[in-house]
1. Residues of segment B:54-81 being over 26 Å from residue B:241 (Cα atoms) and crowded, with 16+ Cβ neighbours inside 10 Å, which ones?
2. Restricting segment A:369-402 to residues that are assigned to a helix (DSSP H, G or I) and facing chain B (nearest Cβ under 10 Å), which is modelled with the highest pLDDT?
3. Pick out the one residue from A:148, A:154, A:128 that is part of a helix (DSSP H, G or I) and touching a strand residue (DSSP E or B) at 6+ places or on another chain (Cβ under 8 Å).
4. Is segment A:137-147 home to any residue that is crowded, with 23+ Cβ neighbours inside 10 Å, more than 11 Å from chain B (Cβ to nearest Cβ) and under 25 Å from the mean Cα position of the chain (by Cα)?
5. I'd like to check something: does segment B:197-204 contain any residue that is facing chain A (nearest Cβ under 7 Å) and within 30 Å of the chain's Cα centre (by Cα)?
6. At pLDDT 90 or above, under 22 Å from the mean Cα position of the chain (by Cα), over 22 Å from residue A:438 (Cα atoms) and surrounded by fewer than 20 Cβ atoms within 10 Å (Cβ to Cβ) - does that describe any residue in segment A:476-492?
7. May I ask you to say which residue of A:471, A:489 is closer than 22 Å to residue A:202 by Cα and outside any helix (DSSP H, G or I)?
8. In contact (Cβ under 8 Å) with a residue 24 or more places away in the chain and either more than 30 Å from residue B:73 (Cα to Cα) or assigned by TED's automatic domain parsing to the domain that holds residue B:60 (or both): which single residue out of B:149, B:99 fits that description?
């Protein structure tokens, strides 16, 4: 018996005639998982919104074709009609936590579905145990880390035992260990007969979970049962051009490993001319110690990557260096004086926070004009930069209309043009396909070539071997690790504190030589495949 | 002492608190004189003291500037426009300013001792408001911290970009409006989807794991507030202090 059946589905958004998704068909049985892949902006989220009935009920759009989910027609029944049989989890936990406490959040759907009071208490207790959230039962949701919030969102959905789960990049915002915990929960859900439709860029955690793959590109969908079949149906170049994260083994076989494509020497440059110095830095926010006695230095032209679990103080540290947080103890010196916004360029997790204009070109020139450049000169510089980055076609587009990956690149360019000596990047690769991610990494390298100092926060562990920078590992506000990626691989005792899990390719690399070879192979494979 | 009192005040049914506060505010507005004002000021200050609210410095600054501005403008109007004697103008001005302060203090007490979810439950269970509407307040309040965070970040980015210039203050406001609206709408849609997909609004009623009820504590609290208000009005008659209808 098919749980999900989609036949010739086409979806248009707004009042546009041109469909975002065209003629997509697939079926899923109970206990099966469909992985939806595609470049940023290919319609993956739109597919989930149509399957959940959000389009056309809450978001204006046209849905054509036939959808059946557990016997429901979402297009006519809407989100309320399918609620109970279908559960939805998005990438942003902030946008889906409703109640004040963990217990209330999990109980919320059960109250709505009119479960008796006694059975709600039983179910919530069981669900909190199954999702490893029992110790947080009485915590306030606002105090939870992002990783815990996402697990809570999943717990709140799983408690009413939906037959189908729709997941839109559920681990995009969270650290590796929290991601592994979420996929462990999903494996159990699948083994109990649950059907999953999953949009995910990060494939590291999906082993043993996927039964079918749907590749969306330019609105068309191609279905395969595994990566090998997908590669038979679609040329390798088309997949990599679309930024699809292929398994490393596939990349390794196809790329030219003999030619090192990226210089490793930068990481070993001597450290002098410190531009950022923190000494015994401590920050207390809402009576909670977020940073405790943090000390480090960053040199001119150096890349420093800050890693650690959600809620460990990474973004707070970045905000102190930016001059956004002024209440701290200890000492922080940036370019010889106290931190100030005028000394740095800061790229936020949410690009929309930066945007001040309507069109892309206006957005890019705005910082230049505010900095004193004439409009004519600013336009020339902006157009030249967009052309250099291959983004000149976006110049006249609206900043809110372009894809999330493109928004991220525009926000980076805008900060680059401020021409500040220090760049602070908060999760610059989150939610991006591999092609856009590689563009961001190349952009970072180009900034280092200009002797800019880059301090970056990331959860994407696979980015670490690609950049090979000095790392700082934060755990509960304290630095518990300083060194390079290769050092981190050898110091397994700090993994627990950092919620770190190495990318699969490094799980068999133990000696320094093995690690270096694996790093070189990975860099060569990724850059030679996706940086074209 | 205050810890126990805070707990007790939190236990009072939100609908009862809302009713008591509304009656008190209307008493000050409709029957104002020095006695009702002093009694209400004392009661509201006591309630705020016992409820121990956490007040952000921006709110305190806002309250202070509102009171100072209101007092100054009212005094100028009384003396220059109406031509009252300075001492009488000051007396009347202070009474009116005290009324604003009393409303603010009662509101602080209510907000500090009432959880949004308890309010939603009480509106549904005691006042029979459909839960979809009573939860609207709750969801709106839920959005405030997120919107505030967005706004703080946006202003910081504009400072970094050099948009915060005294010569062009409108530039900052215009540049914040569009992204803020965009993010608020996006967050609201996501929250709406998250709620509906979890059964919100599917049935006309819902189970409440924590049901609010009217207890003896609520009755005593309401009686105490009403008694104080009646006493203050009675004292006005006894001491022959005229009550003024002041809207």
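1. B:63
2. Of segment A:369-402, the ones assigned to a helix (DSSP H, G or I) are A:369-370, A:375-388, A:392-394.
Pick out the ones that are also facing chain B (nearest Cβ under 10 Å) and you get A:369-370.
Numbers: A:369: 87, A:370: 81.
Filtering segment A:369-402 for residues that are assigned to a helix (DSSP H, G or I) and facing chain B (nearest Cβ under 10 Å), the one modelled with the highest pLDDT comes out as A:369.
3. Details: A:148 fails: touching a strand residue (DSSP E or B) at 6+ places or on another chain (Cβ under 8 Å); A:128 fails: touching a strand residue (DSSP E or B) at 6+ places or on another chain (Cβ under 8 Å).
Being part of a helix (DSSP H, G or I) and touching a strand residue (DSSP E or B) at 6+ places or on another chain (Cβ under 8 Å) holds for just one of A:148, A:154, A:128, which is A:154.
4. Scanning segment A:137-147 turns up at least one residue that is crowded, with 23+ Cβ neighbours inside 10 Å, more than 11 Å from chain B (Cβ to nearest Cβ) and under 25 Å from the mean Cα position of the chain (by Cα).
5. Checking segment B:197-204: at least one residue is facing chain A (nearest Cβ under 7 Å) and within 30 Å of the chain's Cα centre (by Cα).
6. yes
7. Numbers: A:489 fails: outside any helix (DSSP H, G or I).
Residue meeting the stated conditions: A:471.
8. Details: B:149 fails: in contact (Cβ under 8 Å) with a residue 24 or more places away in the chain.
Result of the check over B:149, B:99: B:99.
The values are calculated or read from the model by the stated rules, or taken from the named source; none is laboratory data. Keep in mind it's a predicted model, so treat the numbers as computed, not measured. Backbone-built Cβ (ideal geometry, glycine too); neighbour counts: all protein chains shown.
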